[in-house]
1. Name the strands (runs of 3 or more DSSP E) wholly within segment 310-374 that hold at least 1 residues that are aromatic (Phe, Trp, Tyr) and within 16 Å of ligand 2 (Cβ to nearest atom)?
2. Every residue in segment 221-262 that is among the hydroxyl-bearing types (Ser, Thr, Tyr) and modelled with pLDDT of 95 or more, please.
3. (1) over 29 Å from Ala428 (Cα atoms); (2) exposed (fewer than 15 other Cβ atoms within 10 Å of the Cβ): which one isn't true of Glu80, the others all being true?
4. Residues of segment 282-315 being within 16 Å of ligand 1 (Cβ to nearest atom) and not polar (S, T, N, Q), which ones?
5. What number of residues within segment 117-169 are buried (at least 24 other Cβ atoms within 10 Å of the Cβ) and basic (Lys, Arg)?
6. Is it true that some residue in segment 195-217 is within 27 Å of Trp454 (Cα to Cα) and more than 16 Å from ligand 2 (Cβ to nearest atom)?
7. Can you tell which of Glu372, Glu381, Glu411 is among the acidic types (Asp, Glu) and more than 30 Å from Leu60 (Cα to Cα)?
8. Filter segment 459-478 for residues that are part of a helix (DSSP H, G or I) and buried (at least 19 other Cβ atoms within 10 Å of the Cβ) and give the result.
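The values are calculated or read from the model by the stated rules, or taken from the named source; none is laboratory data. Quick caveat, the model's predicted, so the values are computed rather than measured. As a convention, Cβ positions derive from the backbone with ideal geometry for all residues, glycine included, and neighbour counts pool all protein chains shown.
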Amino acid sequence: MTTKNEALAAWVAEAAELTQAKQTVWCSGSDAEFQNMIDLMLAEGTLSELNSQTHPNCYLHRSDPQDVARVEHLTFICTEDQADAGDNNNWMPIEQAKQKMTDLYRGCMQGRTMYVIPYCMGPVESPFSRCGVEISDSPYVVANMKLMTRMGSAALRRIEEEDTFVRGLHSTGELDPERRFIMHFPEELSIMSYGSGYGGNALLGKKCHALRIASWQARREGWLAEHMLILGLESPAGETHYIAAAFPSACGKTNLAMLIPPEKYADWKIWTLGDDIAWLHMDEQGQLRAINPEAGYFGVVPGTNRKTNRNAFDMIKQNTIFTNVGTTEDNQPWWEDKKEGAPSTDWKGRPYSEDVGPAAHPNSRFTVSAKENRAYSNLAEAPEGVPISAIVFGGRRRELAPLVYQAKSWEHGVLIGASVASETTAAATGEVGVVRRDPMAMKPFCGYNFADYWAHWLSFAERTDKLPQIFHVNWFRQNDEGEFLWPGFSENLRVLQWIIQRCKGEADATETAIGYLPVEDGVDIADLNIAPDVWQSLISINDDQWRQEMNEFGDYLDSFGDRLPAGLREQHEQVKAALG
Ligand code: SAT
Ligand code: MN
């Protein structure tokens, strides 16, 4: 196979010449091709089969131990003008970045196969979808892209019709952290990635395209590319409301998107549309609609069990690629908090021993097609997407942020989104557990200056009066002993119910300086055994702490200088004034 698109053919030829690949293979996206990749990796030893009785079609990939997470310090946005990338991104001049990457790519695929992977982010028939082509020398990337995107011939046909696509060149290189870069060139819709085989660094359709490049495209074209799950909440009466929620990596987006209601609410239902990325467009009626550009899940494995996420737990029992988990004696995958079985081998392939570290890497992952999820919404493939009633922001905060609060307006909601801060997780290399600013959970993923991004968010208020309500949640409050104050997981349904009631104007709330909070009996917790003082602390705010927070946040906003939109500054002033 090749292509009738000349620009694509020329770029592929150029890459083959530069990398000196032994051969070029165009990926069709067929099941047979997927199986070929699996067989190839099994033969190479980069993949091993797991217990086929308990886990049919499940495989384990052990990555290089130094290549287990996104590398934010090696990720760059390269634009003509540095200010367009903003202080929120690492920046390198375009020519310098290209030179660096060209030097790395030169001859890097000698003796190797170069795969050309056409893909479509979003349903192939959706006007909101966008296509790309990833060139990679990694069969692991081909197999994962097959599970994570609409990959192959149908995407190529669309590319040939549209004549526009995002170009991503990837090589695993030597996996040397000193020779690893993830470069983005939003002005020319291209990505260059070298030296890592890890998900967010190597599956270029995901964070590189669907967030960093897409956020740039979205600003130009008047839509939003966000780090959000999408779920549908169906009431016993059969009424479904759709919610998009942004949390930083490894803060429970997958768990929330697949939530199984607690027993008391067994007649409610959550439908998954997406667990990581949402593309939001305004329709002709001024309603914000969302599609999930992805077709699979690249989820955090540790912590997944029958109780925390039964749907995921069952989903990953077949047709799943595991990366960096441990194994049991009978070769089943094993991870911390699985609550079943016992590890015998750790993620590095060594005999498991508690004192050497966890069996599964804390950022070990499963890759699986969304179709394997029994809660997959039948609207997940709808070209027009689903109407969004509420946007929810959240982070991991031991203290400060209450369980849930609602913005007073869209503009105030943008401020709330911009003020998201969260404890860091194992999803990126670096220290874990330190609070950092992560506006809209997009700190690692916004492909341009945050100040311009907030202005873009604010601009939606001028275009429609039907915008979703905006909320903030925090499932992670702790007491001094480090115990969680809120049970989380299934019980989060109760908070979602309050959110939808608020959207419908059916629930009372307490107005505070930071937004509307639930009244004492606003969220049904009667059967949850939460002490009254604990509940009070979950649904109230500490003015002193918030004054300090708003001062610190103000300094952060100041760091964006003149580019900061006046509307955001105003919102900040208002909250500060209300706190007194
Ligand atoms: O590594 S990924 O970017 O694919 C997952 C995540 O960190 O959210
Ligand atoms: Mn993510």
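1. 365-369
2. Across segment 221-262, the qualifying residues are Ser235, Thr240, Tyr242, Thr254.
3. (1)
4. Pro293, Glu294, Ala295, Gly296, Tyr297, Phe298, Gly299, Val300, Val301, Pro302, Gly303, Ala312
5. Counting residues in segment 117-169 that are buried (at least 24 other Cβ atoms within 10 Å of the Cβ) and basic (Lys, Arg) gives 3.
6. Scanning segment 195-217 turns up at least one residue that is within 27 Å of Trp454 (Cα to Cα) and more than 16 Å from ligand 2 (Cβ to nearest atom).
7. Values: Glu372 fails: more than 30 Å from Leu60 (Cα to Cα); Glu381 fails: more than 30 Å from Leu60 (Cα to Cα).
Criteria check complete, one pass: Glu411.
8. First pass over segment 459-478, keeping only residues part of a helix (DSSP H, G or I): 459-462.
Hit for segment 459-478 is Phe460, nothing else.
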